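Colleague: Before I ask anything, here is the structure I am working with.
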Amino acid sequence: MINRGGDIQNARVRFAPSPTGRLHLGSARTALFNWLVARGSGGAIILRLEDTDKERSSEEFERDIMESLRWIGLDWDEGPDVGGGYGPYRQSERMGIYPEYAARLLEEGRAYRCYCTPEELKERKNAAVGEGRAWRYDRKCLGLTEEERALLEAQGRPYAVRFRVPEGEVTVNDVLRGEVKVDASEIDDFIIMRSDGRASFHLAVVVDDITMEVTHVIRGDDHLTNAVRHVLLFTALGAEPPMFLHHSLLMGIDGTKLSKRHGATSVSDYRDMGYLPQALVNYLALLSWSPGNDREIFTPGELVEEFSVGGVSAGKAIFDLDKLNWLNRQHMKALSDSELTDLVIDHLDQSFPRQKLEIAVASVRNGMETLADIEKQPLDIYVQPAGKLSEKSLKELEKSPDLKEALGLLVSTFRKYPSNDMATAEGIVVELRQEAKERGWKAKTVLWPFRLAVTGQTVGPDLTYLIMFWGPGGCADRVEATMRTLEERDE
RNA sequence: GGCGCAUUCGUCUAGCCUGGUCUAGGACGCCGCCCUCUCAAGGCGGUAACAGGGGUUCAAAUCCCCUAUGCGCUACCA
């Protein structure tokens, strides 16, 4: 699909989640697009909590949403916690302002009272559907006579307020999809005030966007048809509709909307699983957005720099864990040993002195694609007592050629080096290779026993790290311990 | 059912607006090779797509129409 949206200037955008669950990846993606547009256009981003559904909303989720957003590096200029000139930013605290807008619409004849009960509506709807007719609200209450209305009022019948959808064609201006035109006759007279006096979602959103002076509404594709209703409301309220950008929805690998069935779906889940926030953001951005060249790795700052709505595609977006894993690995590579060690500590149950831990982490880091992968690394070799070998290692050792001489060479070489640093460690390995060559051995003849004798295991980190961890002397001790083990075994 | 949106390798996408340079490019995954003390990582190579059908045109992934499929909306949910 072709999208050559012009650059957006000074956009005032909002991210409006309902705190009915932890921040979903899909919501995070919406938030990211909003943030990118705000930051990239020199505008502002508002965090607005749509918490009118008291049953399902909770403070805990509210906290998770804000923490998750901050964790992935998104901030906001106005919101429930930071305030701003257009507050309050919690919809539950704005309930007082909607009725006046409904009243205005009522006065102007753009809305009307509907006394139909949900039961009556259901009945008429079923009847219509039963006859194979499309059901739209039948405007029964729009046609009420004065007497009928007076009677209903006298009975104290509760009423909802319906928007009177005008005739004509409605156009939604969408950055990605151009002008989406829908005939208003497709839309029925939707409710803007419930019979209990609370504003409906549609009214609340539009009033909020008007009063908060939102210029660009960036949200999921599922709201595209709702946008038609919203444009109608903006117009009826005398406001210029904002520009819309309805991005595609995030789907699971089977093509259905990403949900719990697909596994972890919330940002905090991914934090706990050991993903880096910059990797997650990078991945979410790359779903539907492309810089137009082959670049894939971006820090959040670079995304702001490179992002343009013209690079956003309108097509579906399927969440692919493999690619996230790869990106996470790329971002982990960018961390220093020290930084990685700091991050990995939370996922580790063993404890080492800091210095040792850093070496240990450095030695296994290329085997990790998430921070949590530290648990799967063979760190236990570092706590294994000297001279204790696995059965498999013992067997490998025993069938190794020129074993005695090789072990002797190891000890004598290690003993030559009192200092312990990277250069020394690397030097030792080079020297061992050299020695092997001179004896007409394959490198393996001495290096394989090295690994087995020092760690007691057949798999583990590069030899250089082993030297750094125990020091050359420590390695010599461990080889000697292994020699004793072998002797005992012979007896 | 009605309306809307979408449709390039399995997945994310480049290309589409401004038709030819596309025997369709990149990335993930997968497969193979190399490297190698182990496991990895890394390097190199391979696999694989314009949903289908009609037009328009000298020429279509690119423009138009139809069909199919997927998704969404169609609530006194948000």
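Colleague: Step by step: first the residues of region A:48-64, then only those that are free of Cβ contacts under 8 Å to residues at least 40 places away in the same chain and among the basic types (Lys, Arg), then the one that is surrounded by the fewest Cβ atoms within 10 Å (Cβ to Cβ). Which residue is that?
Modeller: Looking at residues that are free of Cβ contacts under 8 Å to residues at least 40 places away in the same chain and among the basic types (Lys, Arg), I get A:Lys54.
Colleague: Within region A:248-277, track down each residue that is more than 16 Å from RNA strand B (Cβ to nearest atom) and either over 10 Å from the mean Cα position of the chain (by Cα) or free of Cβ contacts under 8 Å to residues at least 12 places away in the same chain (or both).
Modeller: Hits for region A:248-277 are A:Ala264, A:Asp272, A:Met273.
Colleague: Okay, moving on. So A:Lys356 passes all but one of these: (1) touching a residue at least 60 places away in the same chain (Cβ under 8 Å); (2) within 25 Å of A:Gln9 (Cα to Cα). Which condition number does it fail?
Modeller: Of (1) touching a residue at least 60 places away in the same chain (Cβ under 8 Å); (2) within 25 Å of A:Gln9 (Cα to Cα), only one is false for A:Lys356: (2).
Colleague: Something else: Count, please, the residues in region A:78-122 that happen to be within 13 Å of RNA strand B (Cβ to nearest atom) and among the basic types (Lys, Arg).
Modeller: 4
Colleague: Looking only at region A:210-224, count every residue that is in contact (Cβ under 8 Å) with a residue 40 or more places away in the chain, within 30 Å of A:Thr256 (Cβ to Cβ) and either within 15 Å of RNA strand B (Cβ to nearest atom) or in a helix (DSSP H, G or I) (or both) and tell me the total.
Modeller: Filtering region A:210-224 for residues in contact (Cβ under 8 Å) with a residue 40 or more places away in the chain gives A:211-220, A:224.
Retained after the next criterion (residues that are within 30 Å of A:Thr256 (Cβ to Cβ)): A:216-220, A:224.
Then drop every residue that is not either within 15 Å of RNA strand B (Cβ to nearest atom) or in a helix (DSSP H, G or I) (or both), which leaves A:217-220, A:224.
The total comes to 5.
Colleague: Identify all residues within region A:179-201 that are acidic (Asp, Glu), near RNA strand B (Cβ under 7 Å from one of its atoms) and in contact with a Phe, Trp or Tyr (Cβ under 7 Å, 6 or more places away or on another chain); write none if there are none.
Modeller: A:Asp188
Colleague: Applying the selection to region A:452-465, what residues are over 37 Å from the mean Cα position of the chain (by Cα) and under 15 Å from A:Gln384 (Cβ atoms)?
Modeller: Answer for region A:452-465, where residues must be over 37 Å from the mean Cα position of the chain (by Cα) and under 15 Å from A:Gln384 (Cβ atoms): A:Leu452, A:Ala453, A:Val454, A:Thr455, A:Gly456, A:Gln457, A:Thr458.
Colleague: Please pick out the residue among A:Gly440, A:Gly408 that is without any contact (Cβ under 8 Å) to a residue 40 or more places away in the chain and not in a helix (DSSP H, G or I).
Modeller: A:Gly440
Colleague: Which condition number in (1) on the phi < 0 side of the Ramachandran plot; (2) surrounded by 18 or more Cβ atoms within 10 Å (Cβ to Cβ) is the one that A:Gly387 fails?
Modeller: Condition (1) is where A:Gly387 drops out.
Colleague: On to the next question. State the number of residues belonging to region A:287-334 that are free of Cβ contacts under 8 Å to residues at least 12 places away in the same chain and within 6 Å of RNA strand B (Cβ to nearest atom).
Modeller: Total meeting the criteria: 2.
Colleague: Quick check, is A:Asp462 in contact with a Ser or Thr (Cβ under 9 Å, 6 or more places away or on another chain), at positive phi, touching a residue at least 24 places away in the same chain (Cβ under 8 Å) and not small (Gly, Ala, Ser)?
Modeller: So A:Asp462 fails the test.
Colleague: Still on this structure, I have one more. Among the residues of region A:334-372, how many are within 17 Å of A:Pro277 (Cβ to Cβ) and either of a type in the set (D, E, K, R) or buried (at least 19 other Cβ atoms within 10 Å of the Cβ) (or both)?
Modeller: The total comes to 9.
Colleague: In region A:99-142, how many residues are closer than 20 Å to A:Gly197 by Cβ and aliphatic (A, V, I, L, M)?
Modeller: Residues flagged as closer than 20 Å to A:Gly197 by Cβ and aliphatic (A, V, I, L, M) within region A:99-142 amount to 6.
Colleague: Please state which of the following conditions A:Val206 fails to meet, knowing it meets all the rest: (1) surrounded by fewer than 16 Cβ atoms within 10 Å (Cβ to Cβ); (2) in a helix (DSSP H, G or I).
Modeller: Among (1) surrounded by fewer than 16 Cβ atoms within 10 Å (Cβ to Cβ); (2) in a helix (DSSP H, G or I), A:Val206 violates only (1).
Colleague: Select from region A:65-89 the residues that are surrounded by fewer than 19 Cβ atoms within 10 Å (Cβ to Cβ) and assigned to a helix (DSSP H, G or I) and list them in ascending order.
Modeller: Result: A:Glu67, A:Arg70, A:Trp71.
Colleague: Continuing with the same structure: Quick one: in region A:465-491, of everything that is part of a helix (DSSP H, G or I) and charged (D, E, K, R), which residue is surrounded by the fewest Cβ atoms within 10 Å (Cβ to Cβ)?
Modeller: Out of the qualifying residues, it is A:Asp490.
Colleague: Let me ask something additional. Output yes when any residue across region A:160-167 is within 7 Å of RNA strand B (Cβ to nearest atom), surrounded by 16 or more Cβ atoms within 10 Å (Cβ to Cβ) and among the aromatic types (Phe, Trp, Tyr), and no when none is.
Modeller: No, there is no match, as no residue in region A:160-167 is within 7 Å of RNA strand B (Cβ to nearest atom), surrounded by 16 or more Cβ atoms within 10 Å (Cβ to Cβ) and among the aromatic types (Phe, Trp, Tyr).
Colleague: Looking at A:Glu240, A:Glu302, A:Glu306, can you tell me which residue is among the charged types (D, E, K, R) and assigned by TED's automatic domain parsing to the domain that holds A:Gly220?
Modeller: After ruling out the rest, the residue left standing is A:Glu240.
Colleague: Can you name the condition, by its number, that A:His216 falls short on among (1) at pLDDT 95 or above; (2) surrounded by fewer than 20 Cβ atoms within 10 Å (Cβ to Cβ); (3) of a type outside the set (A, V, I, L, M)?
Modeller: (2)
Colleague: If you don't mind, another one. Note down all Cβ pairs under 6 Å where the first residue falls in region A:143-159 and is under 22 Å from A:Arg194 (Cβ atoms) and modelled with pLDDT under 85, the second is of a type in the set (Phe, Trp, Tyr) and within 14 Å of RNA strand B (Cβ to nearest atom), and they're at least six residues apart or on different chains.
Modeller: Final answer for the pair search is A:Leu152/A:Tyr115.
Colleague: Also, I was wondering about something else. Could you list, in sequence order, the residues of region A:413-432 that are closer than 13 Å to A:Leu463 by Cβ and either hydroxyl-bearing (Ser, Thr, Tyr) or exposed (fewer than 13 other Cβ atoms within 10 Å of the Cβ) (or both)?
Modeller: Matches in region A:413-432: A:Thr413, A:Thr424, A:Val430.
Colleague: Pull out all pairs, ordered by first then second residue, where Cβ-Cβ is under 6 Å, the residues are six or more apart or on different chains, the first lies in region A:111-130 and is in the same structural domain as A:Glu167 (by TED's automatic domain parsing) and at pLDDT 85 or above, and the second is within 10 Å of RNA strand B (Cβ to nearest atom) and small (Gly, Ala, Ser).
Modeller: Pairs found: A:Cys114/A:Ala160.
Colleague: Are there any pairs, at least 6 apart or on different chains, whose C-beta atoms fall under 6 Å, with the first in region A:362-379 and free of Cβ contacts under 8 Å to residues at least 12 places away in the same chain and the second near RNA strand B (Cβ under 10 Å from one of its atoms) and among the acidic types (Asp, Glu), and if so, which?
Modeller: Nothing qualifies.
The values are calculated or read from the model by the stated rules, or taken from the named source; none is laboratory data. Just so it is clear, the model here is predicted, and its values are computed rather than measured. In this analysis, Cβ positions are derived from the backbone assuming ideal geometry, glycine residues included, and neighbour counts consider all displayed protein chains.
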